Amino acid sequence: MFAWVAAMISLTSCYETWDNNPRLETHEGVITDNFLNTPVLQNQYIELSKENATSTLHLTCSQPDMGYAALTTYKVQLSLTDDFERYEEISQAFYDCENINPVNKDMASSIEKLFDVVTEDDIPEGYNRIYVRLRAYLEQSPSNTQYLSNVTYFDHISIAPGYIAIWNPGEPVNIYLRGGMNDWGASADWQFVTGPEEDTWVTQEVTIPAGTEFKVADSEWKSLNLGGGTTVPIGKVTELELGSNPANLNVAEEFTGIVYLQLKDGVYYLTLQEPKE
């Protein structure tokens, strides 16, 4: 009887180890695995244009073997050749295998970089096969959890004549600094423009009085509403919270300078930059 009880306890301990203590599967280097599905629109004719820049293409996959059902980060990579000797990776991160939806503008920008587009005359004519793969990793341990997917493709993608999707600094965008200093409005004086690097945006010189609450948002409080309920220090990077109605930001002391916004790995960061003397 004692032997039987001991065996059952041992077996129970094993089950608790397997079920309640999942173990992260790490590895050296990058593993290539077959986890990207064939795109539904693989054989459709797709034109990327300014008019559909905010639309998306759809990809799905299965999670590579991380040891357990971990929250995996996926990045989309594009190439003109199936060996990916040269490729571009889209900065937007995805976390749902069923909804990896790169924005058309990001697709067009990456393709134009691969074709070395500088002016409208450099835009490739007609439809091209664009190869696609995913890079997957865990954000808490990216160095030893990286996977590259199998390669698939969209067979007919074109860029509309005259459509320059590559990053162009100084272009006004639908992002505003909104708060008590401007009655929470969305006016040109508080509008962001594209910054010097991709996925950065800057304002003109503005003044935010001490104690003022504010947010970063689009003109209709819809697709972009950034806050976090924190006091933003001057000259230091602050991580923002994206949501339907995150708590307001504020400043402890009056600030005059340029507001710098950056998107990195799916997270927005804000910096209040005082003028250089």
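The values are calculated or read from the model by the stated rules, or taken from the named source; none is laboratory data. Source: prediction; values computed, not measured. Counting neighbours? That spans all protein chains shown, and the Cβs are built from the backbone with ideal geometry, glycine included. Quick note on the areas: whole protein, heavy atoms, side chains included, nothing else; ligands and nucleic acids left out. Shrake-Rupley method; radii C 1.70, N 1.55, O 1.52, S 1.80 Å.
Taking the condition of a type in the set (Ser, Thr, Tyr), assigned to a strand (DSSP E or B) and surrounded by 15 or more Cβ atoms within 10 Å (Cβ to Cβ), does residue 158 pass? The answer is yes for residue 158. Please specify each residue of the range 161-185 satisfying the condition of being open to solvent by 40 Å² or more (accessible area, probe 1.4 Å), modelled with pLDDT of 95 or more and part of a loop (DSSP other than H, G, I, E, B). Result: 183, 184. Of all residues in the range 123-140, those being of a type in the set (Phe, Trp, Tyr), part of a loop (DSSP other than H, G, I, E, B) and surrounded by 17 or more Cβ atoms within 10 Å (Cβ to Cβ) number 0. Among the residues of this structure, residue 63 does not count as one that is of a type outside the set (D, E, K, R) and closer than 30 Å to residue 162 by Cβ. Scanning the range 34-55 for residues that are surrounded by fewer than 16 Cβ atoms within 10 Å (Cβ to Cβ) and in contact with a strand residue (DSSP E or B) (Cβ under 8 Å, 6 or more places away or on another chain) yields a count of 9. Taking residue 221 as the residue in question, decide whether it is free of Cβ contacts under 8 Å to residues at least 40 places away in the same chain and aromatic (Phe, Trp, Tyr). Answer is yes for this residue.
Out of 111, 130, 123, report the one residue that is under 13 Å from residue 48 (Cα atoms) and touching a Phe, Trp or Tyr at 6+ places or on another chain (Cβ under 6 Å). Just one listed residue meets the conditions, 130. I'm told residue 223 meets every condition in (1) in contact with a strand residue (DSSP E or B) (Cβ under 6 Å, 6 or more places away or on another chain); (2) under 30 Å from residue 52 (Cβ atoms) except one. Can you identify the failing condition by its number? For residue 223, the failing item is (1). Scanning the range 223-263 for residues that are at positive phi and outside any loop (DSSP other than H, G, I, E, B) gives a single hit, 257. May I ask you to list the residues in the range 89-122 that are buried (at least 19 other Cβ atoms within 10 Å of the Cβ), touching a helix residue (DSSP H, G or I) at 6+ places or on another chain (Cβ under 9 Å) and at pLDDT 95 or above? The answer is 112, and nothing else.
Report yes if residue 212 is over 30 Å from residue 117 (Cα atoms), polar (S, T, N, Q) and surrounded by fewer than 16 Cβ atoms within 10 Å (Cβ to Cβ), otherwise no. Here the answer is no, as residue 212 does not meet what is asked.
The conditions of being closer than 30 Å to residue 118 by Cβ, of a type in the set (A, V, I, L, M) and surrounded by 12 or more Cβ atoms within 10 Å (Cβ to Cβ) are met by residue 261.
The numbered conditions (1) open to solvent by 40 Å² or more (accessible area, probe 1.4 Å); (2) at pLDDT 95 or above are all true for residue 196 except (2).
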